[in-house]
Each structure stands twice: as C-alpha cells, then as structure tokens.
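Take a look at the structure below.
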Amino acid sequence: MAGKFELYTDEAGMHRFRLKASNGSVVLTGAPEESKELCLKSIESIRKLAPYAQVQEAAAAPA
C-alpha cells in the first residue's frame with residue numbers, strides 16, 4: 001500500500017497536511033496555510049520536486 005497525504009485543520013484554524021507511510025507513521029508535516037487550496041498546491045509541489053531532490057548533509061550549528 002502506498003503512503004497518503006492527509007489534510008487537516010490545526011488548532012489555530014490553519015490548513016495543514018501530513019504525509020503518512022503505509023504503516024501509518026508520519027513522514028512529513030506541512031507548514032500551516034491560509035486556505036485548503038494553498039495546502040493542496042504545497043502537496044502538488046512536493047509530488048513534482050521530490051523525485052529530483054538531492055540529499056545534502058546540513059552543516060553543524062555553531063556551539
């Protein structure tokens with residue numbers, strides 16, 4: 001079974017999404033959006049960009 005995107009409204013009334021793996025674990029949580037339409041656009045952007053995304057290690061934060 002494939003993963004799925006879940007749309008929901010958070011406690012502040014903002015529209016958000018989470019990407020869940022087939023085992024139900026949350027893989028990704030989207031930033032809050034003002035509208036459901038903007039939330040859906042964010043999901044579509046992820047679908048388009050993810051196949052081409054490179055993996056990069058972030059530099060360690062200064063102590």
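Here are a few things to note about the model shown:
- Gyration tensor (Cα) of the chain, equivalent ellipsoid semi-axes in angstrom: 23, 17, 14
- Cβ-Cβ FRET estimate between N23 and E57, R0 fixed at 30 Å, reported to 0.05: 0.70
- Placing +1 on the Cβ of every Lys and Arg and -1 on the Cβ of every Asp and Glu, with no other charges, gives the chain a dipole of roughly 280 debye about its Cα centre.
- Across L40, L28, L19, mean-square fluctuation computed from a Gaussian network of the chain (C-alpha pairs under 10 Å connected) peaks at L28.
- Each of K36, K48 has some number of other Cβ atoms within 10 Å of its Cβ, and from fewest to most they run K48, K36.
- For the range 1-16, the residues whose backbone nitrogen is under 11 Å from a point 7 Å from the Cα of K36, taken along Cα to Cβ, are 7-9.
Just so you know, all these numbers are worked out from the coordinates, no wet-lab data involved. Keep in mind that what you see is a predicted model, and the values were worked out from it rather than measured. Ideal geometry is used to build each Cβ from the backbone, glycine not excepted, and the neighbour counts take in all protein chains shown.
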